[in-house]
Amino acid sequence: MKKILGDFRQKGFSLIEIILVVIIMATLSAMVVPRLTGRSDQARQAAAKADIEVNIPTALKLYELDNGFFPATSQGLNALLQKPTTAPIPENWNGPYLEKQPIDPWGRPYQYQSPGVHRQHDYDLYSLGKDAKPDVTKDDIVNWAPEQPTK
């Protein structure tokens with residue numbers, strides 16, 4: 001019995017070994033964590049950019065192809081999910097063109113205007129970004145080339 005207990009005690013970690021492992025883990029964390037901070041904001045911006053440049057425009061182009069016009073501003077992007085009942089009523093609506101309500105990565109609806117102020121030939125589509133304020137030169141993601149601030 002002493003032999004078994006003696007072997008069992010020998011197999012444990014000493015306090016020095018545990019402290020050494022904790023120091024190594026802390027050092028690795030100190031090197032990795034700063035590289036990962038800010039990545040979630042970058043990922044959200046990339047997701048919003050993909051929605052604004054590809055996903056939602058594809059649905060809008062299909063809607064326009066079927067009906068000959070884009071949804072009116074008053075109909076909004078909801079026209080891609082349900083057939084509008086207000087003018088202009090799309091006679092050839094073949095949707096839904098999207099699977100779910102288009103919400104930006106910050107949990108707010110994408111902004112849509114047709115005809116657009118910036119793109120008068122079709123529509124303006126944008127997200128207000130993280131701060132939820134209309135400040136195109138800061139963090140808004142838009143489907144037009146934003147004006148550069150004057151110095």
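Since every read-out is calculated from the coordinates, none of them should be taken as a lab result. These numbers were taken from a predicted model, which means no experiment stands behind them. Cβ placement follows ideal geometry from the backbone for every residue including glycine, while neighbour counts extend to all protein chains displayed.
Around the amide H of Thr73, modelled in the peptide plane, lie the amide H atoms of Ser114, all under 5 Å away and 5 or more residues distant in sequence or on another chain. Compared with the alpha-carbon gap, the fully stretched path from Thr85 to Lys130 is longer by 12.9 nm at 0.36 nm per residue.
Here the label points at Asn92 and Val54, each 7 Å from Cα along the C-beta direction, are separated by 2.7 nm in the simple model. Between Met31 and Gln113, full extension at 0.36 nm per residue minus the direct alpha carbon distance yields a gain of 25.0 nm.
Give the Kirkwood hydrodynamic radius (Å, one decimal) of the range 84-137, defined as one over the mean of 1/r across all pairs of different Cα atoms.
Values: mean 1/r = 0.0752 Å⁻¹.
Radius from the Kirkwood sum: 13.3 Å.
For the range 51-148, GluC sites (Glu not before Pro) meeting the loop criterion (DSSP other than H, G, I, E, B) and having at most 14 other Cβ atoms within 10 Å: Glu91, Glu99, Glu147. A simple spin-label model places pseudo-atoms 7 Å from Cα toward Cβ; at Thr73 and Ile16 they are separated by 7.5 nm.
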